[in-house]
Structures are given as C-alpha cells and as structure tokens.
Amino acid sequence: MDRATDPHPYDALLLLSFGGPEGPDDVLPFLENVTRGRGIPRERLAEVGAHYHLFGGVSPINEQNRTLLAALRADFAAHGLDLPVYWGNRNWGPYLTDTLRDMVRDGRRRVLTLATSAYASYSGCRQYREDLAGALATLAAEGLELPRVDKLRHYFNHPGFLETVTDGVLAALARLPEEVRGGAHLAFSTHSIPDAAADTSGPPAAHGPGGAYVAQHLDAAGHVAAAVREATGGEHPWRLVYQSRSGAPHIPWLEPDISEHLAALHAEGAPGVVMVPIGFVSDHMEVLYDLDTEAMAVAKELGLPAVRSATVGAEPRFVAAVRDLVLERAATERGESPGRCALGALGPSHDICPVGCCPARQAKPAAAGADSPYA
C-alpha cells in the first residue's frame, strides 16, 4: 500500500462529538445527560431547554455530524484511504459506548478518534478522553476484547481549519454594507470556561493565566486576522471574546462576553462587526442561539451592522485536513517522521496528552493519553 494512503496500524476512525436533541421530547433528557452529577436545578434545565424549543427542539449538531461523516467517507474513498469511519456521541444517540461496542464486534482493534473540538481544555479534550475510558470500562465488564484507542492532535492551527475560517470571514465581510465593510471589526468568539479551567488547560508547562486554551485561540485568531488583512488590504481590528457562560455568578469565567463586546464596539464608534465562531467546528445550538439569535438581537438594538461567518462544518478543506491528520498519526505510529502541518506561532500540538494535561476537578481515568489505563 502507498504510504500516502496507508492508515496502518489503524483500522477505524471514530468521529466523537457532543450530541444533541432531535425533537422536543429529547430536550430535557439530553440536558439531564449533559449535566448529570452537577446538581443543576430542573428549572434551570427548563430555561436552557427553551433555547432548543425555539428551533423545534432540534439541535443541528447531529445532522451536521451526519454530513461530516458522509464527507469523510467520500473523501477517504476518493483518495484511496481504506479506513471505515464510525460516529459516537457523549450525550445523545448514537452513544459512544454503543458505537465502540459495534466497532469491537466488527473486529476493530486500533481506533483513531477525531473529537469535534479543536482546542485544549478539560471540556474540549480530557472530558472526551474520560468518556472513552468509561466506555472501554463498560466493554471490559461485558467481557469484550478492548481495542487500543488514540486521539488525533488538536487541529486549531491546521491549514485546512484556519484557511477555511479565513474564507468564511472574507465571505461575511462581503455581506456587510459597503460603507462599513472597510472598517469592520472582527469578534472571534469561543465558549467561555471558568478561569481555573483555562489556567490549567494544556500540558503542565502551558499552565498559567489562560493556559493553552486562551493561547491557542489567540494564535488562531491572530493568524486569521492577518490573512484577512492581506486579502483585503485593510486593517480590521480584532479581539477574542467569549459566549455561552453557564456557571454560578460568583465563579470567574473568561471575558468579555460577546454581547458586552458588541456594546463596547458601538460605544467606540465601530462601523460594523463580523462575529467569527472560531471556537466551534459546526453550527450547533450555542452558535444558532447565542450568536445568531441573542448577539444579533443586541447588535440590531444598538444599530451596529453585524454578520456572522460560517463554521468549517464539512467544508472540503477541513475534511482533507482530517485525512492529513489521520495519515500523519498513522505514519508516526509506524515509526516514521511525517511532516506536521501547522500555521501560526505555536506549531503542531502533541499526539499524546501528557500526565497533568487539562486536569479534572475530580480525578477520573482518561483513555488516549499518557495516563491511560488502556494503553
């Protein structure tokens, strides 16, 4: 087999995502899955659930994952990469444990995982690894032979991701009125997390104010802003902002909030803004509600011209980036030294999460890392 399309030693790719409800009756059970063990009052779940009911009780994330799944399979087949692709979710069907069980029964023994989160953080990486460990523990208790499960490196700075984001920003700028386009600001938005979780994100060497989570977002946003400046020939001031805070008010979370930033831009006289959901792979509910609904309403009330750029979704360059990452990791596992694509200043991320990377509040086993009990 040509090494350029050789997935050995891997015999399957697992698309691992968050999951979402697909009808009104799914909303509350889904939110109970997401918040299990955290003591969230039922009335708070109902409040969040109202966001989903604005869209018929359907989150777009599952359908977008089906689209990505089909695109990956088509891309792999078109490029001679013989690697089956499976899909499992953390919080809704198809559930991760059920998918891994199917993979074992299909004879898969070396599984490579693509998480639909591009950055280092507890919720964006280690929690997925904990879910993998939990699923493997369930299969072990059932007496099944466990596969070895690895995880692709963080892809926030892969060209296929960042170039797609850049083109989305350029397309969004073109939708702004011509008279405000040249001076429009860029608001790069990602999910807010507690300061304490940000500070301990990434390997221990990266721990500190904001940790790897903030550093990676700033690096990605800075690269996109520079690429937009080069393409347009104009200066577009930018800032990293946050959305979707859900914690107790007394706990510090990353700021500024996107809506507060829009108000500040208006007060400063900014002519317009492009909201760039750089922290998200697809248009799931927090993009549709927190940006397209809530933040857009704020911008409209302020009289601030605003548009939102697209997420990468299943865009062909992002799909090709996944293929590149799969082949890169496979070659590394075979003892080769493949080229590792990365833009920006931080360079390619680690393949194997080290001990102490994005620690949990309460220690739990996590697969696909240096501290995995399933190596």
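The values are calculated or read from the model by the stated rules, or taken from the named source; none is laboratory data. On a predicted model such as this, the values are computed, not experimentally measured, just so you know. A quick note on method: Cβ atoms are made from the backbone with ideal geometry, for glycine too, and the neighbour counts reach across all protein chains shown.
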### Task
Taking the residues in segment 298-345 that are of a type in the set (D, E, K, R) and over 22 Å from residue 12 (Cα atoms) as candidates, determine which candidate is nearest to the chain's Cα centre (by Cα).
308
### Query
Mind checking whether some residue in segment 52-59 is over 28 Å from residue 249 (Cβ atoms), among the small types (Gly, Ala, Ser), loosely packed, with under 14 Cβ neighbours inside 10 Å and touching a residue at least 40 places away in the same chain (Cβ under 8 Å)?
no
### Task
Determine whether segment 101-111 contains at least one residue that is within 23 Å of the chain's Cα centre (by Cα), closer than 23 Å to residue 149 by Cβ, at pLDDT 90 or above and surrounded by 17 or more Cβ atoms within 10 Å (Cβ to Cβ).
yes
### Query
Given the residues 102, 82, 75, which is the only one that is farther than 26 Å from residue 134 by Cβ and part of a helix (DSSP H, G or I)?
75
### Residue identified as free of Cβ contacts under 8 Å to residues at least 60 places away in the same chain and within 22 Å of residue 91 (Cα to Cα) among 363, 299, 368
363
### Task
Would you check which residues across segment 208-234 are without any contact (Cβ under 8 Å) to a residue 40 or more places away in the chain and either β-branched (Val, Ile, Thr) or at negative phi (or both) and list them?
209, 218, 225, 226, 229, 230
### Task
Please give the helices (runs of 4 or more DSSP H) falling wholly within segment 262-375 in which 3 or more residues are surrounded by fewer than 15 Cβ atoms within 10 Å (Cβ to Cβ).
296-302
### Task
Among the numbered conditions (1) outside any helix (DSSP H, G or I); (2) under 18 Å from residue 292 (Cβ atoms); (3) not β-branched (Val, Ile, Thr), tell me where residue 51 comes up short.
(1)
## Note on the structure
Scanning segment 123-165 residue by residue, those within 21 Å of residue 194 (Cα to Cα), over 12 Å from the mean Cα position of the chain (by Cα) and not charged (D, E, K, R) turn out to be 127
### Query
In segment 161-171, which residues are buried (at least 18 other Cβ atoms within 10 Å of the Cβ) and either without any contact (Cβ under 8 Å) to a residue 60 or more places away in the chain or not hydroxyl-bearing (Ser, Thr, Tyr) (or both)?
161, 162, 163, 165, 167, 168, 169
### Task
Identify, from the list 170, 100, 176, the residue that is of a type in the set (A, V, I, L, M) and over 30 Å from residue 258 (Cα atoms).
100
### Query
Name the residues in segment 136-160 that are in a helix (DSSP H, G or I) and either touching a residue at least 60 places away in the same chain (Cβ under 8 Å) or out of contact with any helix residue (DSSP H, G or I) (no Cβ under 8 Å at 6 or more places or on another chain) (or both), would you?
136, 137, 140, 141, 159, 160
### Query
Is it true that some residue in segment 81-93 is free of Cβ contacts under 8 Å to residues at least 24 places away in the same chain and either out of contact with any Cys (no Cβ under 9 Å at 6 or more places or on another chain) or closer than 30 Å to residue 337 by Cα (or both)?
no
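Considering only residues that are in contact (Cβ under 8 Å) with a residue 40 or more places away in the chain and either of a type in the set (A, V, I, L, M) or in a helix (DSSP H, G or I) (or both), look in segment 250-261 and name the one that is surrounded by the fewest Cβ atoms within 10 Å (Cβ to Cβ).
Filtering segment 250-261 for residues that are in contact (Cβ under 8 Å) with a residue 40 or more places away in the chain and either of a type in the set (A, V, I, L, M) or in a helix (DSSP H, G or I) (or both), the one surrounded by the fewest Cβ atoms within 10 Å (Cβ to Cβ) comes out as 251.
Which is aromatic (Phe, Trp, Tyr), within 28 Å of residue 78 (Cβ to Cβ) and outside the structural domain of residue 184 (by TED's automatic domain parsing), of 280, 318?
The match here is 318.
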### Meets criteria (touching a Lys or Arg at 6+ places or on another chain (Cβ under 7 Å) and either of a type outside the set (Ser, Thr, Tyr) or assigned by TED's automatic domain parsing to the domain that holds residue 189 (or both)) for residue 30
no
### Query
residue 212 versus (1) under 19 Å from residue 127 (Cβ atoms); (2) part of a loop (DSSP other than H, G, I, E, B); (3) at pLDDT 95 or above; (4) not basic (Lys, Arg): which is the lone unmet condition?
(2)
### Task
May I ask you to list the residues in segment 16-48 that are buried (at least 20 other Cβ atoms within 10 Å of the Cβ) and in a strand (DSSP E or B)?
16, 17
### Query
Can we say residue 235 is out of contact with any strand residue (DSSP E or B) (no Cβ under 7 Å at 6 or more places or on another chain), assigned by TED's automatic domain parsing to the domain that holds residue 194, among the charged types (D, E, K, R) and not in a loop (DSSP other than H, G, I, E, B)?
no
